[in-house]
1. List the helices (runs of 4 or more DSSP H) that sit entirely inside segment 46-107 and contain at least 2 residues that are modelled with pLDDT of 90 or more.
2. For a quick check of your reading of the model, give me the residue pairs whose first member lies in segment 46-67 and is more than 19 Å from residue 115 (Cβ to Cβ), whose second is in a helix (DSSP H, G or I) and open to solvent by 40 Å² or more (accessible area, probe 1.4 Å), with beta-carbon atoms closer than 6 Å and at least 6 apart or on different chains.
3. Can you tell me which residue in segment 135-169 is farthest from residue 36 (Cα to Cα), limited to those that are open to solvent by 70 Å² or more (accessible area, probe 1.4 Å) and assigned to a loop (DSSP other than H, G, I, E, B)?
Amino acid sequence: MKRKSKRKKNSPVGDLNRGPSERLRHGSFKVVPTSRDGVNTIRNVASNPIDTYFARNSISPRQHQAANIFANHFHAAALAASPAAVDADAVRGGEQSDGAAYRQARARQAVKQALRSVGMPLADLVEHCAGRGETAGSWSAVANARRPDLEGMVALRLALTGLVRFYRC
C-alpha cells in the first residue's frame, strides 16, 4: 500500500521566521550585543528591569517598592520619554495648567531629593535603572568591567537600599 506524502499547507503569511513566542506576545524587543563576539540577545523593552530583578529575587520587596516610588516621581516630573501620556489640561488650553505645572515641579523636587539622598555615584544608577528602565549591566560606570551585569547588580542593590532609607519603606 502506497502512503500519501503529507504536505504542509501554506500559511497565508508564508515561511517567515516569527522569532520566539515572547515576541508574538509582547512585541517590543531590541537586539542587544553580548560580551561574546557575534552573539546577540533579544531584550524585551516593554518590561521593567526592576520588576524582572524582583521576580528573580535579586532585590528585596522593600527595594522594589522604593524603586517603583522613585519611578513614579521620575515619570511625573516628565524627565523620561512617555509617548502614551497625555495631559488633558495641556490639550484643552494649549498650555500647561497651574495644577499640572505644580505637580510636575513637586515631582522634580522629590526626584532631586531622592537622588541627593542616595549620593552621586549611585544616583546616576538609580536614574538609569529605576527612572529610565535600563538594566544594571548597561550602566556606563560598569561598561568596562569584566562582569558588568554582576557589578551593576551589586551597585544597584546598594543604591536601592539608599532609596529604601529615604522613602522609609
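The values are calculated or read from the model by the stated rules, or taken from the named source; none is laboratory data. The model shown is predicted, which means the values in this text are computed figures rather than measured ones. Ideal geometry is used to build each Cβ from the backbone, glycine not excepted, and the neighbour counts take in all protein chains shown. Heavy atoms of the whole protein, side chains included, go into the accessibility calculation; ligands, DNA and RNA do not. Shrake-Rupley method; radii C 1.70, N 1.55, O 1.52, S 1.80 Å.
1. Here the list reads 49-55, 61-76.
2. Taking only residues 6 or more apart or on different chains, the pairs are 46/26.
3. Only one residue tops the list, namely 168.
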